[in-house]
Structures are given as C-alpha cells and as structure tokens.
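The block underneath contains the structure these notes are about, expressed in structure tokens.
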Amino acid sequence: MSTNIPALRLTSITKRFGPLTANDTISFDVNQGEVIALLGENGAGKTTLMNILFGHYVADEGSVEVFGQTLPPGDPKAALAAGVGMVHQHFTLADNMTVLDNIALGTQSLFRPRLDRTAAKTKIARLAQDFGLSVKPDALVADLSVGERQRVEILKALYRDARVLILDEPTAVLTPTETDALFKTLKLLVAKGLSIIFISHKLHEVMAASDRVLVLRAGKLSGERQTAATNRRELAELMVGREITPPAVPTVPLGPVLFELSSVSTARQAHGTPLKHADLILHGGEITGIAGVSGNGQAALAGLIAGTETPSAGTVTVNGNTISGWSPRAALAVGIARVPEDRHSQGAVADMSVMENVIAERYRDSRFSRSGLLDWAAARKFTQSIIEDYNVKCPSPDARIRLLSGGNMQKLILGRALDPDPSVILANQPSRGLDVGAVAYVHQKLLEARSRGAAILLISEDLEELLALSDRIVVISEGHLSRPSARGELTVRQIGEMMAGHEAA
Amino acid sequence: MEALEILFTASFWVAAIRIASPLIFATMGELICERAGVLNLGIEGIMTAGAFAGWFTVYLGGDLWTGVLVAALVGMTLGLLHSVLTVPLGLSQHVVGIGITMLATSLTYYFYRLALPEVTSPPKIVPFEPWAVPGLSKLPIVGEALFNQTPLTYMAFATVIVVAWALYRTPLGLAVRAVGENPSAVEAQGISVTIIRTGAVMAGSALMAIGGAFLTMSAFNSFFFNMINGRGWVCIALVVFGSWRPGKALIGAILFAAFDAYQIRLQQLSGGIVPYQIFLMLPYALSILALIVVARRATYPKALMVPYQKGER
C-alpha cells in the first residue's frame, strides 16, 4: 500500500445555500492512520462539509478524492464503496429493526431471495471483538442506549470496510466515561490503518484525541495545527476569530427561597425519564446549574417548572405558596419565565410574526387586549421596544419569525421572558446552537437577571457553560437530582462520574 | 341456538374465506405501502379500477389470468402516479390518496360508460371456477372452506406468505421496513429512498387492484357501480389492526370477513323483524371495537406520512 497517496483529499470545496456560503474553497488532505479534528463553531460549515464528502449534498465547486480516486458528487453509494464511512450526529438507525439488520441493510444485493444473516453475524462478532465494540446483534435498536447506538453506527461503517471514518459531533450525546471508551476505540482503528475525521467544538476533546486540527470559521478554513504544537487558547482564537474572555460573575447577596421542589416525582412519560423524589431549592440571586446527559429527566424537570408537567407526588412551592392546579398559564402568572430547550418547536410559532410571538405568553394581559380584542398598536410598540432593547436584527415586527437567525430568535425569546422581571427563570439549553457572540449575550442577560435577584435554573449539556455561570451545580441522572455542590467544589471528572450514575466519592 | 350453529357449517366458512380474499390482497398491498412510509388512500379507487380492468379484459375475450395481469398493471400505474406526487414531490399523502381514489373511480365509470353505453344490466363473464385441492379438500369444514376455493383465493394466501418472507427475510424487505422507520438510515447505506418507496407503492397498488379484480372475476362475475363499497377503507383499518404485520393482518381480514358472512346469515334468521341495516353495520361496529382493543398499543412505522427530502436539514 502506497503511503504517499492521501487517504482523502478535498480540493477547493465550495457550497452555497442561497446567499449563504457554507463552505468557501476548502482544501485539505487526510493521511492514512491519522486522526483529524475538524473544529468550528455551530454554523461554521463542518457538517455541510462532511455531508458533501459523503455525498448527501452536492458541492457547487471542488472535488473529493479517496485514495487518489475522484468521487462522483452526490452519491452516498459511491462514497461507501470507496471506503468512506460516516457516523452522523443524528443516528441513521431504524428503531424497528435489530442491530444485525441495521448493519446488514444495503450490504447485500437487494434482489437476493434471502438475507444471509449468519455470515453477517460472524463478521459483526469479529469486528466487535477486534475493536472493543460490544453489541448484542439481535437486540432491537429501540432498546439500546445512546452509547450502544453509536457503537452500532461505527460497526456499520467498519462492516463495509471503511478506510476513512467520519464522526459528526460523536461526543455530544456521550457521558465523559463513554467518551473515553470512544477515544480508545478510535486509537484501535487508527492502529489498523484507518483515517479518522471527527467533528467537534469541544477544545479539550480535540486536544485529547487528535493528531492534527483543522479549524473552520464562517465557512473558511481558518487554521491548521499539529495538535502537539498548539494549545486550547490558540485554537479557541482560530475558531472564534478573536480572544474570548469568560463572563465576569459579580458577587450577589443570596436572596430568599423562590422555588422549591420537595420529594417531587412525575408520571412516566412517553419520552424521557421522569423525576424521582427530586429535591431542589432555588434562591434569588443565584444560578443553579443542572448537569446531566440528555434524556435523564431534564425534560421532566423543565416541564415541571414551566407548568407543562404536573407532579405525581411531592410538593412544588413558588414564592412560599404551595402550588395546585399547575399549568403553563399558572406558571406565568406566578412570575416564572421560561427559555425553552428547542426554540423552534417550543419557543416560537415559526410561521407567525415576530409580534405575535412576542405577545404569545401575555396576549390576555390588559396591556394587549381589551374586552376580548387584541390591541395591535400596543403589541407593536412592545415588540419594537424588545427589538431595540435586545438588539434583535429583524426586518420588522411583522416578519415571520422563521426568517430570523437562531441567535436573534433566542434574543426575542429572552426579551419576552425577561420583560416582566420574573422571579424564577428556567433557562433550558439557552445557548445551544448559537455563535459565540450570541452566547455571550445570553450569558450576560442571565447574569443581569441574577443581579436583580431572580432565581435561575440553567439546564445545559455544556459543562463549561455550567461551570462558568453556576453558583451551584446539581447533577441529574436517571431522574434523580444530586445534592447541590458549590462553585469549584467538584472537578469536571467528578461531575462526569455523577452524570454516568456513580455517586460522588 | 340456531345463530351459533351457523358457525359450524361449512358454507359459512366457505363464504367467510371468499369474502376475505379481496381484503387479503388489498390489505397486503396497503401494508407494503405503509411499511415503506406511504399511506395509500388511493386504495378504494385503485380497487375499483382493478375490478373493472380485470373484468373488461375478460369481457373483451381475454384469458382470466390476463385479466389479473391487466388489473395489476393498472394498479401499478396508479401507484406510480401516487408515488410521483408523494415521494419525490413530497405532497400530502392524505390529499394525494383521496385524489387518486376520486380520479380512479371516476375514470373507471367513464370508461365503463364509454365501452358499454347502452347496457342497463351489466354483462357477466365466466369467472374463476373453484379448484379442489386433491386430498385436503376432503377434510371436514376446513377442507371445504380452505381447499375448495378459486385459484385467486389460493393466490391471496400465497401473497401473505410471500409478503411476510419478503419483508423479514430478504435484503429488499429490510430496506422497505427501514425506509418507513427512518429514511435517512436507508440513504446512509447507499440505497435510494425514492426508488424503494416508489417500488413499494407500485407493488402495493398492484395487489390492491388484484383485490378489486377478485370481486369481478371470482365473486360477482360482472362490474357495477359502487361495488368496492368501502372495502378499501376496511383494509386500511385492517393494517392497523394487524400492527403492520402480514400474519396478524391476515387474521384480521378473516375475522372481518367472518363477521360479514355471519351478519348475512343472521339477516336471514331474523326473518325481517329487525331492519337489515343493523346487521350490515355489525362487522364495522365490531371492527371498531377490535381496533380499540388491539390497536391502541400499535407502534406505527415512524416515518409513515413523513415525506423525505434528500439533503434537507
């Protein structure tokens, strides 16, 4: 096998979505046996680039070569045949089928009268053993944990003899322990001569697991470094384009208890884990961070505060009053503000106007309605004040909110939530998917609310964000809330252990 | 007790299996479409078109099996139209399906009138004759019911076996089930979602049309208006009843047909004291009950009715 032909070569790839250039003349090589980290912020064009490489998108310009062979554009089948395997961020598994069937899908001629499961099983067992990827081939994918599903995805690629493996944000859904296991697997793969590209925006992972780092910023390749010869600070600057400073957290006197859960459980939900005997106290002037792997009861906790979930046992106390008849409207009425997890599906009605969305939580107030009729003039004035106060870039209050960028939509939702000066604020993944500038803005607004004496519950999957902002951290695991720990009391590793379900030592 | 004795007569079960046959074809057809993620509400119209196409081919002098083939081809063509609109174009499957039903029904009546402008009573054809399976047909009740039917009924049962085998034992079936659950899983393995879905809808529609043809070629021997009479809609319920599994759907079809055969006999028993419409309603009322009991926990194919657009974010 010749070593001077790169495993993968991208030559001036350009991709435009309307006026947006997602990838701008990007070129690089990946050598055999190398782990490349593709680093960049959300929206920098990482996923687009990988989708072009795999044939999901067709590039407007440029070419992709695998071991010297040019891939035809827009043909995943050709990419697979050339030995490119991809583990997507959102897994591409069919839940109704077994692990074995998912892996075998598309690997045998479609018109064979019989699927050869025996041969497939043997090959999977061998791969699983070689690379430490334990899976149960006959288990239904629906019954697997996220970590197991990822192993199935990697096996899918290996089963097809992938020579180049692309992993799109592979650690986003994993606990720190699972992440370590993944990185061990990657080392084994590289030792066997595979080349790996993994996409990430987490600097510490990039430093830990890669040989070389490529940094993307706003669709352009903004830098390339040998991992051994760089540091997190330099990479961060390449990624963001300027120096980033952590938010300054002022000292604020601790306020009264504004929200309290005592031994609260929620009913079993169709999606996500219910809360189990959860105790939680939120003080004014304090940010309480909830750390945990997604799907461990965060949705139930958030729903309980926002009023979409009711307790099946235990009591919820807001401003000293035990609540009954809990509903989203009741939550708003007692001064709870919410920044929902998914701004598109829970925070806004995409096809309604900015103005309609801004008053969506308060249209019944006497400010905006009189004897059952909406006062559009007042609504417009209010919307304009939010647009100005929160620096929202939007064409007009009448524009449909779907036209706004994620950051601007989030600013509007923040404005809507913070305007009535709420006493309790639920911020669920408030900075997910935002660029660094917008993240800083969201953080600043939350800290301002904290200074005013609001009690803030910050749910986030980004440990760095939690550690930077939270006065106290509570770990959520399988619906249980841990004892709160004060700022700096626990190390990242200890928190990670607790997220994986182990008690803190 | 007379009402119970009916259940032990051979003629009752013969009728039940005969009534079940077109339902089995069309239910398997709908099941294939839905497993691939496409709800095919064109079923009622496609059955109408199939009923006419098969019958008319024979009326013009064609062979009975040629009639079945023509019906299948007509079904495939309508299936192709359905899938072009719902798969690559991603239009609403409800609207397209109902549109196909109205289009196919009206076109069928139009061609019928065009071909036979003067006729008041529809002409009959020589239908499929029952064919007794040697040996097995001598068994009491079961022999009569299962092994003394027309070839199309045998074909209906064979279809269930073929569909079940294809879905669970072949690479193609794997792709069909995956495309109805998570199309991106199929795309990521280098298979075209459009081709799999289009193929499934065409194959399913062919079976629906054969189900329609059964009525004109193996039951009523002629074509008349409104002859499908909601059978297509029943098949959609049967697919849910069967939790998208061929074997369970077969049981559902036989159960429904048995209710239907039973109510006809009850009508005769009641001697006109009770309005017969009550009995007509019975199978449907029982189906709703059965759905409530069985289908509440049914797990739908996750991508059912969700159009897939390649490269969409």
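The values are calculated or read from the model by the stated rules, or taken from the named source; none is laboratory data. Quantities reported herein were computed from a predicted structural model and do not represent experimental measurements. Neighbour counts are summed over all protein chains in view; Cβ atoms, including those assigned to glycine, are modelled from backbone coordinates with ideal geometry. Please note that ligands, DNA and RNA were not included when accessible areas were found on the heavy atoms of the full protein model with its side chains. Shrake-Rupley method; radii C 1.70, N 1.55, O 1.52, S 1.80 Å.
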Restricting to region B:223-243, what's the tally of residues that are small (Gly, Ala, Ser), buried (at least 19 other Cβ atoms within 10 Å of the Cβ) and part of a loop (DSSP other than H, G, I, E, B)? 1
Where residues in region A:409-450 are touching a Phe, Trp or Tyr at 6+ places or on another chain (Cβ under 9 Å) and in a helix (DSSP H, G or I), which of them is farthest from A:Met239 (Cα to Cα)? A:Leu418
Could you check region A:34-57 and list, in sequence order, the residues that are at the interface with chain B (Cβ under 8 Å from one of its Cβ atoms) and assigned to a loop (DSSP other than H, G, I, E, B)? A:His56, A:Tyr57
Top-ranked residue in region A:42-73 [being surrounded by 20 or more Cβ atoms within 10 Å (Cβ to Cβ) and β-branched (Val, Ile, Thr); ranked as farthest from A:Ser222 (Cα to Cα)]: A:Val66
Give the residue, chosen from A:Leu426, A:Leu434, that is buried (at least 21 other Cβ atoms within 10 Å of the Cβ), under 30 Å from A:Leu469 (Cβ atoms) and at pLDDT 90 or above. A:Leu426
Would you mind stating whether B:Arg169 is within 20 Å of B:Gly242 (Cβ to Cβ), without any contact (Cβ under 8 Å) to a residue 40 or more places away in the chain and within 14 Å of another protein chain (Cβ to nearest Cβ)? yes
Taking the residues in region B:244-265 that are open to solvent by 30 Å² or more (accessible area, probe 1.4 Å) and over 30 Å from A:Met97 (Cα atoms) as candidates, determine which candidate is farthest from the chain's Cα centre (by Cα). B:Arg265
Starting from region B:101-112, keep only residues that are closer than 15 Å to B:Ser205 by Cα, then list their pairs with residues that are at pLDDT below 95 and open to solvent by 80 Å² or more (accessible area, probe 1.4 Å) whose Cβ atoms are within a distance under 6 Å, requiring at least 6 positions of separation or different chains. none
For A:Gly488, work out the one condition from (1) without any contact (Cβ under 8 Å) to a residue 40 or more places away in the chain; (2) surrounded by 19 or more Cβ atoms within 10 Å (Cβ to Cβ) it doesn't fulfil. (2)
Going through (1) more than 17 Å from the chain's Cα centre (by Cα); (2) closer than 18 Å to B:Thr194 by Cα; (3) in a helix (DSSP H, G or I) one by one, B:Gly97 fails only at (1)
Could you look through region B:184-209, keep only residues that are facing chain A (nearest Cβ under 9 Å) and in a helix (DSSP H, G or I), and pick out the one that is nearest to A:Phe54 (Cα to Cα)? B:Ala188
Out of A:Ala348, A:Ala299, sole residue that is closer than 30 Å to A:Ser145 by Cβ and out of contact with any strand residue (DSSP E or B) (no Cβ under 6 Å at 6 or more places or on another chain): A:Ala299
Single unsatisfied condition, A:Met97 versus (1) out of contact with any strand residue (DSSP E or B) (no Cβ under 8 Å at 6 or more places or on another chain); (2) more than 26 Å from A:Leu39 (Cα to Cα); (3) within 14 Å of chain B (Cβ to nearest Cβ): (1)
Name the helices (runs of 4 or more DSSP H) wholly inside region A:231-340 in which the number of residues that are within 24 Å of A:Gln444 (Cβ to Cβ) is 3 or more. A:232-240, A:298-306
Taking the condition over 15 Å from B:Gly45 (Cβ atoms), charged (D, E, K, R) and under 15 Å from the mean Cα position of the chain (by Cα), does B:Arg197 pass? no
Just one of A:Glu478, A:Glu489, A:Glu465, A:Glu448 is on the phi > 0 side of the Ramachandran plot and acidic (Asp, Glu); which is it? A:Glu478
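Say we look at region A:451-477 and pick out the residues that are assigned to a helix (DSSP H, G or I) and farther than 14 Å from A:Val339 by Cβ; which of these is most open to solvent (accessible area, probe 1.4 Å)?
Per the criteria, the residue is A:Glu464.
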Just checking, how many residues over region A:144-185 are over 22 Å from the mean Cα position of the chain (by Cα) and outside any loop (DSSP other than H, G, I, E, B)? 8
Does B:Val176 qualify as being open to solvent by 40 Å² or more (accessible area, probe 1.4 Å), within 14 Å of another protein chain (Cβ to nearest Cβ) and in a helix (DSSP H, G or I)? no
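Does A:Glu34 satisfy the criteria of being open to solvent by 60 Å² or more (accessible area, probe 1.4 Å), in contact with a Ser or Thr (Cβ under 6 Å, 6 or more places away or on another chain) and farther than 17 Å from B:Asn182 by Cβ?
Numbers: open to solvent by 60 Å² or more (accessible area, probe 1.4 Å): no; in contact with a Ser or Thr (Cβ under 6 Å, 6 or more places away or on another chain): yes; farther than 17 Å from B:Asn182 by Cβ: yes.
Here the answer is no, as A:Glu34 does not meet what is asked.
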So which residues in region A:239-264 are closer than 30 Å to A:Phe28 by Cβ and touching a residue at least 40 places away in the same chain (Cβ under 8 Å)? A:Met239, A:Val240, A:Ile244
Would you please list the contacts, defined by Cβ atoms under 8 Å and residues six or more apart or on different chains, that run from a residue in region A:117-138 that is open to solvent by 60 Å² or more (accessible area, probe 1.4 Å) to a residue that is among the hydrophobic types (A, V, I, L, M, F, W, C) and in a helix (DSSP H, G or I)? A:Arg117/A:Leu100; A:Arg117/A:Ala104; A:Lys121/A:Leu100; A:Asp130/A:Leu188; A:Ser134/A:Ala128; A:Lys136/A:Val99; A:Asp138/A:Val99; A:Asp138/A:Leu100
Based on what the data block shows, is A:Gln89 open to solvent by 20 Å² or more (accessible area, probe 1.4 Å), outside any strand (DSSP E or B) and at pLDDT below 90? yes
State yes or no: is A:Ser109 more than 30 Å from A:Leu203 (Cα to Cα), surrounded by fewer than 21 Cβ atoms within 10 Å (Cβ to Cβ) and hydroxyl-bearing (Ser, Thr, Tyr)? yes
Does B:Leu73 satisfy the criteria of being out of contact with any strand residue (DSSP E or B) (no Cβ under 8 Å at 6 or more places or on another chain), assigned to a helix (DSSP H, G or I), within 24 Å of B:Leu114 (Cβ to Cβ) and not β-branched (Val, Ile, Thr)? yes
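Does region B:291-300 contain any residue that is open to solvent by 30 Å² or more (accessible area, probe 1.4 Å), among the charged types (D, E, K, R) and either touching a helix residue (DSSP H, G or I) at 6+ places or on another chain (Cβ under 6 Å) or modelled with pLDDT of 85 or more (or both)? I'd like the intermediate steps shown before the answer.
Of all residues in region B:291-300, those open to solvent by 30 Å² or more (accessible area, probe 1.4 Å) come to B:291-294, B:296-297, B:299-300.
Retained after the next criterion (residues that are among the charged types (D, E, K, R)): B:296-297.
With the extra rule that they be either touching a helix residue (DSSP H, G or I) at 6+ places or on another chain (Cβ under 6 Å) or modelled with pLDDT of 85 or more (or both), the set shrinks to none.
Checked region B:291-300: no residue is open to solvent by 30 Å² or more (accessible area, probe 1.4 Å), among the charged types (D, E, K, R) and either touching a helix residue (DSSP H, G or I) at 6+ places or on another chain (Cβ under 6 Å) or modelled with pLDDT of 85 or more (or both).
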Of the criteria (1) within 12 Å of chain B (Cβ to nearest Cβ); (2) surrounded by fewer than 16 Cβ atoms within 10 Å (Cβ to Cβ); (3) modelled with pLDDT of 90 or more, which one A:Phe17 fails: (3)
